[in-house]
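Down below is the structure, laid out as structure tokens.
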């Protein structure tokens, strides 16, 4: 199974390297269109290779997707914690009832009852 995982990530790495080599041209990324940036007097421009813009866009998309999924699954995690607390409380109650049942009995008989 390890080899399949390593092979997959190796193929992904090779594809990313090929995309990076094919898109080395410098591009200008603008935060605002020129028609809006000129009257405001601000022009936040960034010059970077195209492959970096692509990789940064993919990374930001992944982060937004992970955050969205984490927020969406909040109810599921909350229910799981509540059920876990309920199970722990029930285990403590069962243990208390077992010790109460064997109170005043011979230790050997109590041990044999616990085993069964």
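Odds and ends about this structure:
- The residue that is modelled with the highest pLDDT, among those in region 39-57 that are closer than 30 Å to residue 16 by Cα and loosely packed, with under 10 Cβ neighbours inside 10 Å, is 47.
- Matching residues, region 1-38, being in contact with a strand residue (DSSP E or B) (Cβ under 9 Å, 6 or more places away or on another chain), in a helix (DSSP H, G or I) and at pLDDT 90 or above: none
- Flag: residue 84 matches the condition of being on the phi < 0 side of the Ramachandran plot, surrounded by 10 or more Cβ atoms within 10 Å (Cβ to Cβ) and at pLDDT 95 or above.
- Residue match in region 66-88 (condition: in a helix (DSSP H, G or I) and in contact with a helix residue (DSSP H, G or I) (Cβ under 8 Å, 6 or more places away or on another chain)): no
- Residues located in region 1-27, provided they are over 19 Å from residue 59 (Cα atoms) and surrounded by fewer than 10 Cβ atoms within 10 Å (Cβ to Cβ): 1, 2, 3, 4, 5, 25, 26
The values are calculated or read from the model by the stated rules, or taken from the named source; none is laboratory data. From a predicted model like this one, the values you see are computed outputs, not experimental measurements. Every residue, glycine among them, receives a Cβ derived from its backbone with ideal geometry; neighbour counts consider all protein chains shown.
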